[in-house]
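A.B. asks: Before I ask anything, here is the structure I am working with.
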């Protein structure tokens, strides 16, 4: 007789005992535990730990044992710290520029353009835009460093600025903010590009053809048919990428390490706590800085999931080429 | 087609190409650079500055540099551990979430989505402390061969952290893949007395092979090129990864030696490019697999 996996009580019809519950739960327990344990240890526990550390003055001065609880002192320090406002402003500027010009802007432009050309060519261009995201970050940043390097080695200096007679310099040093936006932008654009392409391609063909038949130009069709129909993915990508940009700093770390006015909040926290920036590791203070981002992250993640009914956006995953 | 029509249908292509130029130029440069003594911009030059200077000298690092093979092994280990870990654990959890009803299932599902959106990079500071604690556990903390254990300053530890941080995406994708498999074979097997574990292993997993392949490739590429987490949690030079090594090379060389470094860069890039060229559809399906953004 089959061992039943149904949930209508035990097979013999008597009361369900603890052993029965265990037996019923053994499969899900087995399957779920590694994932549950790992996410517990590396997602939930860290939030608690981070919060606790942020309430201490732990640093390499105090060591891991001789720290003391100082309550909200770190947070108060942040409020009055001379670096706070400039770094906050840099972070906001970085987010806005990269978002508008690349993560949403370029993503939309590339999605629109690549869906108006023959399919095969569209694939190729979108694949090219995906390449930065797949490239090891160190290699990718190295490319950009070379694009901006000084004459006669740098590409921009050698092939653009020099022939035009303009003054040359190491552009990454003279325009660090610009390059930070560029490097992050080309990676970030690929996410929106894929979402928007999916969305554009799921617009019913009838609408698209009807618009043209009714005398729309390409631009009018984009403005009056396509854009309104992808407004939901547009909003989603914008907010999702906002959170993503707020907390990303790996490329900035590699490109400028925060020099030249490119230190963003997340990098500040990382520097303070995990690199010998000020001659010592300031775990307590860095944790407080990070905690602020964590709090924002939690709130925004929950908002996405409820407001965007992200679950509704997720349909059955099918393996198909874009 | 009139020339006017031809022109207007060429405009998108022209525009796209212009926009894509930085990408094309960047990769062109690194390829040219590895085979040149130096490059002025995109043009290979030799020591005197005349055009030419094509050479394989830059590739001498493969046998001259003592560190490169060590570092490559570490990176490969990390990528493999990461991929196996993510695949196995996500496949297990994904199956349970997709096919088994148990208390808390909805909560887990919702939690997975929230975790996926949450920026895990903010937790690095706390994870540092967790790894140090794990390092204190005897044997598996620091004493294992090859991977060095699961604590701080070990490949195992870094792999474990990276697996955990990739789980939300992995579980979510796997659940999606399982959702698409038809119920029939599974039900037949369960009725015939198969255990859940056997059903999972012999029926469900083979059915989602393309999905597994896609996730495997995507995860491997991510692990191969990872920088921040290995750099943050490994201080021993012997145990570092190619990315950390490459970055340290850039720290103390003048720009003139960029061609040398570019060779190491391409060396790291080659597997990625190979995967990219031959398994493009799989990669693109991962990016779009969870976000079929409809109206």
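A.B. asks: Working out 0.36 nm times the residue gap between residue B:2 and residue B:192, then minus their Cα-Cα distance, what length gain in nm do you get to one decimal?
C.D. replies: That pair, residue B:2 and residue B:192, stretches by 61.6 nm at full extension.
A.B. asks: Mark the label point 7 Å from the Cα of residue A:73 along Cα→Cβ and return the residues of region A:273-306 whose backbone N is within less than 16 Å of it.
C.D. replies: A:282-289
A.B. asks: In Å³ and rounded to a whole number, note down the convex hull volume per residue for the Cα atoms of region A:30-74.
C.D. replies: Considering the Cα atoms of region A:30-74, their hull volume per residue is 80 Å³.
A.B. asks: Over the Cα atoms of the protein assembly as shown, what Rg and Dmax result, in angstrom?
C.D. replies: 26.0, 92
A.B. asks: Further, regarding this structure: Extending each Cα 7 Å along its Cβ direction at residue B:137 and residue A:89, get the distance between those two points in nm, one decimal.
C.D. replies: 4.8 nm
A.B. asks: Take chain A, compute every pairwise Cα distance, and split them into 20 Å bins from 0; I just need the percent in each bin.
C.D. replies: Over chain A, the share of Cα pairs per 20 Å bin runs 22, 45, 27, 5, 0 percent.
A.B. asks: Set the Förster radius R0 to 51 Å, insert the Cβ-Cβ distance between residue B:17 and residue A:26 as r into 1/(1 + (r/R0)^6), and round the FRET efficiency to 0.05.
C.D. replies: Efficiency at R0 = 51 Å is approximately 0.30.
A.B. asks: Still on this structure, please answer the following. Which value at 222 nm does the protein assembly as shown reach when only helices count, each DSSP H run of 4 or more adding -39,500 (n - 2.57), with the total divided by all residues and rounded to the nearest 500 deg cm²/dmol? Can you show the working numbers first?
C.D. replies: On the way: 29 runs with 391 residues, N = 617.
Result for the protein assembly as shown: -20500 deg cm²/dmol, rounded to the nearest 500.
A.B. asks: Still on this structure: Quantify how much of the Cα-Cα distance distribution of region A:84-261 extends past 27 Å, in percent.
C.D. replies: Cα-Cα pairs of region A:84-261 separated by over 27 Å account for 38 percent.
A.B. asks: Report, as a whole number in µm² per second, the diffusion coefficient that Stokes-Einstein gives for region B:93-163 at 20 °C and 1.002 mPa s using the Kirkwood radius over alpha carbon pairs.
C.D. replies: Rounded, D is 153 µm²/s.
A.B. asks: Along its three principal axes, how long is chain B when you only count alpha carbons? Whole Å, largest extent first please.
C.D. replies: Extents along the principal axes, in whole Å: 77, 71, 33.
A.B. asks: Using a 10 Å cut-off around each Cβ of peptide B:13-20, what is the average number of partner chain Cβ atoms that fall inside? Don't skip to the answer; put the middle values down first.
C.D. replies: On the way: counts 8, 1, 6, 14, 3, 0, 8, 10.
Going residue by residue through B:13-20 and averaging, the value is 6.
A.B. asks: Here's something else I'd like to know. Stretched out fully, how many nm does the piece from residue B:64 to residue B:236 gain, at 0.36 nm a residue minus the Cα gap?
C.D. replies: Using 0.36 nm per residue and subtracting the Cα-Cα distance, I get 59.8 nm.
A.B. asks: Which of these, A:131, A:161, A:234, has the largest mean-square fluctuation under a Gaussian network model of chain A (Cα springs below 10 Å)?
C.D. replies: Judging by the Gaussian network model, the answer is A:161.
A.B. asks: Next question. Across every pair of different alpha-carbon atoms, what Kirkwood hydrodynamic radius in Å does region A:207-300 reach? Mind dumping the intermediate values first?
C.D. replies: Values: mean 1/r = 0.0606 Å⁻¹.
Computed over Cα pairs of region A:207-300, the Kirkwood hydrodynamic radius comes out at 16.5 Å.
A.B. asks: What is the distance, in nm, between label points placed 7 Å from the Cα along the Cα-to-Cβ direction at residue A:231 and at residue B:101?
C.D. replies: Here the modelled spin labels are 3.9 nm apart.
A.B. asks: So, one more: Provide the FRET efficiency to the nearest 0.05 for the residue B:144-residue A:217 pair, computing r from the beta carbons and using R0 = 56 Å.
C.D. replies: The calculated FRET efficiency here is 0.30.
A.B. asks: Next question, about the same structure. Mind checking the mean number of beta-carbon atoms from other chains within 10 Å of the Cβ atoms in B:261-271?
C.D. replies: Working: counts 4, 4, 0, 3, 8, 1, 1, 4, 7, 0, 1.
Counting other chains' Cβ atoms within 10 Å and averaging over B:261-271 gives 3.
A.B. asks: Based on the Cβ-Cβ distance of residue A:303 and residue B:257, what FRET efficiency does E = 1/(1 + (r/R0)^6) give at R0 = 45 Å, to the nearest 0.05?
C.D. replies: Details: r = 48 Å, r/R0 = 1.08.
Efficiency, rounded to the nearest 0.05: 0.40.
A.B. asks: Quick check: the distance between the Cα centres of region B:195-224 and region A:212-243, to the nearest angstrom?
C.D. replies: The two parts, judged by their Cα centres, are 36 Å apart.
Here, each number is a calculation from the coordinates, and none is a lab measurement. A quick note: this is a predicted structure, and the numbers were derived from the prediction, not measured. Methodologically, a virtual Cβ is constructed for each residue, glycine included, from the backbone with ideal geometry; neighbour enumeration extends over all protein chains shown.
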